[in-house]
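Have a look at the structure below before the remarks.
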Amino acid sequence: MDWFLTEHTASFLIMGIVSGLVGGLQLGQIFDSFIGGAKAVTFGALIVGFARAITVVLEEGKIIDSLVFMAVSGISHLPQTLNVVGMFFTQAILNLFISSGSGQAAATMPFMVHITDILGLERQLAVLAFQYGDSVTNSIIPTSSALMGYLAIAGIPYERWVNFIWKLVFGWTLIACIALMVAVALGIS
């Protein structure tokens, strides 16, 4: 039906009003509930906007390319198994600056693929290092728009979240490193 934001917004508002009426609320109570919900979401929306602004500044300031080059050049001298682990940590660190998975892939994969070619590794290892580095850190990085939005809506302070999640992220990191070293040993292609 070629619907976009305007039509979806209208349909959600209509569903909210109808749901409130079916639930037995008065029209004034429905709008009070709507305002209360909007207050909770507004803070999250601001956090998402600020997190995205950091990425935009890094991209438009042409800072990301330099960060990627410096990070990648530091791992090329390692043995093959540690090189892939280095690629994982490079992706994990870069995820702090480029929280968009597709943006991070576009910025880093040309370098990572080049390193795998030079070292005689399979290109799939660069993809695995990217996927693990990007995904493992999404639950803890403060520049993730989604994470900061979820935490804001849930009313959970970031510091409290880090205290809760760091052990799990550490475990995921160990699993990812072991999986990457096994992939190198098996010659995954």
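Straightening the chain between SER100 and ILE178 buys 25.6 nm, computed as 0.36 nm per residue apart minus the Cα-Cα spacing.
With R₀ set to 22 Å, the beta-carbon distance separating LEU25 from ILE153 gives a calculated FRET efficiency near 0.50. Taking every alpha-carbon pair under 8 Å whose residues sit at least 6 apart, the chain reaches a relative contact order of 26 percent. Scaling against 2.2 N^0.38 Å puts the C-alpha radius of gyration of the chain at 1.34. Stokes-Einstein diffusion for region 127-174, with the hydrodynamic radius set to the Kirkwood value over Cα pairs and evaluated at 25 °C in a medium of 0.890 mPa s, equals 217 µm²/s. Annotation: peptides 102-113, 176-187, 131-142, 81-92, ranked by per-residue average of other Cβ atoms within 10 Å with the highest first, follow the order 81-92, 131-142, 102-113, 176-187.
The GNM of the chain, with springs linking C-alpha atoms under 10 angstrom apart, assigns the highest mean-square fluctuation among ILE115, ILE93, ILE14 to ILE14. Globularity index of region 109-150 is 1.49 (Cα radius of gyration / 2.2 N^0.38 Å, N = number of residues).
Taking the longest Cα principal axis of the chain as reference, the axis of helix 101-119 is set at about 10 degrees.
Just checking the listed ones, LEU96, LEU147, LEU13: in the Gaussian network model of the chain with Cα springs under 10 Å, the one fluctuating most is LEU13. Rolling a 1.4 Å probe across all protein chains gives PHE97 an accessible area of roughly 70 Å².
The Rg/Rh ratio for region 150-189 is 1.29, where Rg is the radius of gyration of the alpha carbons and Rh is the Kirkwood radius. For the set LEU46, LEU78, solvent exposure ranked by accessible area (probe 1.4 Å, protein chains only) runs largest to smallest as LEU46, LEU78.
Over the residues of the chain, the helix contribution to mean residue ellipticity at 222 nm works out to -27500 deg cm²/dmol, using -39500 (n - 2.57) for each DSSP H run of at least 4. Between VAL56 and THR9, residue separation times 0.36 nm minus the direct Cα-Cα distance comes to 14.3 nm.
The values are calculated or read from the model by the stated rules, or taken from the named source; none is laboratory data. The shown structure was predicted, so the numbers you read here are calculated from the model rather than taken from an experiment. Positions of Cβ are generated from backbone atoms using ideal geometry, with glycine treated the same way; all protein chains shown enter the neighbour counts. Surface areas here come from the heavy atoms of the whole protein model, side chains and all, with no ligands, DNA or RNA. Shrake-Rupley method; radii C 1.70, N 1.55, O 1.52, S 1.80 Å.
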